[in-house]
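Written below as structure tokens is the structure these notes are about.
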Amino acid sequence: LSACFFVAISGYYMFGDDVDDQITLSLEKRAGDGNLAMDCLTWLMILTACSKFTLTMFPLALGFEEMLTSILPSDLAMELVDSAVKIVLIFLALAVAIWFPSFSFLCSLVGLICTVIVSVIFPALANLRLFGPSLSLFEKLLGWLLVVGGAFVAVVGTIATVDADM
């Protein structure tokens, strides 16, 4: 925590209020074009992204491979499926990157949908399912109003998010 605080104070003293959303953009403005340190920093960021991608996809690929192990007849088939699973995951990630080039857009969309489902729709449906027979008519109507209203908010919020990004 103290290291993060030290870095934050150092960044503020270096750039003041002119800090961009990403510190690397501020560093690039300050360093200028053709700076070896900025080139190294850029390649280190690319390397970090590639390693994070690999570390993130490995457990997912392993899970798919474990599901398919029981139906594969030989080790050769397993090796082919292992490769195919990893290639398909890479192309799926590429498709997401192409269709959602703005990560903030993807995060806001997923956040909106998940938040509405977890905060509004799921609790109301769980209440209706668990206590439905013992609920009064008013409580049932209120529960269904929350479910329908939550679904409406999710749809309208999704449309608004997509329209704002386009």
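The values are calculated or read from the model by the stated rules, or taken from the named source; none is laboratory data. As the structure is a computational prediction, the values presented were derived from the model and not from experiment. Cβ placement follows ideal geometry from the backbone for every residue including glycine, while neighbour counts extend to all protein chains displayed. For the accessible areas, the whole protein counts, side chains as well, though only heavy atoms, and no ligand, DNA or RNA atoms are used. Shrake-Rupley method; radii C 1.70, N 1.55, O 1.52, S 1.80 Å.
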>> Could you work out how much longer the chain between residue 164 and residue 54 gets when fully extended? Use 0.36 nm per residue separation minus the Cα distance between them, nm to one decimal.
In response: 36.4 nm
>> Using each residue's phi in the stretch 137-151, evaluate 6.51 cos²θ - 1.76 cosθ + 1.60 at θ = phi - 60° and report the 3J(HN,Hα) Karplus result to the nearest Hz, with x for Gly and Pro.
In response: 4, 4, 5, 5, 4, 5, x, 5, 5, 5, 5, 5, x, x, 5
> How much of the accessible area of the chain, in percent, comes from carbon and sulfur atoms when a 1.4 Å probe is used?
Replying inline: 74
> Based on DSSP H runs of at least 4 residues, each adding -39500 (n - 2.57), what is the mean residue ellipticity at 222 nm of the chain after dividing by all its residues, to the nearest 500 deg cm²/dmol?
Replying inline: -28000 deg cm²/dmol
> Which GluC sites (Glu not before Pro) in the stretch 56-153 pass both tests, a DSSP loop state and at most 16 other beta-carbon atoms within 10 Å?
Replying inline: none
>> Against the 2.2 N^0.38 Å scaling, with N counting residues, where does the chain land? I'd like the Cα-based Rg ratio to two decimal places.
In response: 1.57
> To one decimal place, what Kirkwood hydrodynamic radius in Å is obtained for the stretch 90-166 from all pairs of distinct Cα atoms?
Replying inline: 14.2
> Per residue, how many Å² of accessible area does the chain show with a 1.4 Å probe?
Replying inline: 77
> So for the pair residue 110, residue 71, with labels modelled 7 Å out along Cα→Cβ, what separation do we get in nm?
Replying inline: 2.7
